[in-house]
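Visitor: Please read through the structure below; I'll follow up with questions.
Taken together, the values in this text are just the output of simple stated rules run on the coordinates, not laboratory data. Please read these numbers as outputs of a predicted model, since none were measured by experiment.
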């Protein structure tokens, strides 16, 4: 069995979800993820990115290092990371949603989760991304 790792984070961005720059970022990330055997899901809303990335530890570590240096991400906050036995986002080189699909900020407020409760916050962000992934699959 191949060992898998994951990284869940929130960052701030100046990119608008419907901008050419955001579309380019998603297209490049999907190609890179496919080449490296990574999968995951990104939600983009109100100046924030929320993303789960998973795959082999080496390629994942390279992508996480790139994220820290990428000027399109500021105030990157790791929410969770570690090993896992199976993929949460199988088949998604780069799943994607925006506030137009559903608001993560409203979802978190509805679930009474505060950002300072890192474990609860991370669990709720993952639940939201999984929900969006299922909705996008139809």
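Visitor: Can you give the calculated 222 nm mean residue ellipticity of the chain, where each DSSP H run of n ≥ 4 adds -39,500 (n - 2.57) and the sum is split over every residue, rounded to the nearest 500 deg cm²/dmol?
Guide: Working: 4 runs with 57 residues, N = 138.
Result for the chain, helices only: -13500 deg cm²/dmol.
Visitor: I would also like to ask the following. Can you compute the radius of gyration and Dmax for the range 1-79, using only the Cα atoms, both in Å?
Guide: Calculated on Cα positions, Rg and Dmax stand at 12.3, 40 Å.
Visitor: Could you tell me the largest-minus-smallest coordinate of the C-alpha atoms of the range 4-137 on each of the three principal axes, in descending order and whole angstroms?
Guide: That works out to 37, 35, 30 Å along the principal axes.
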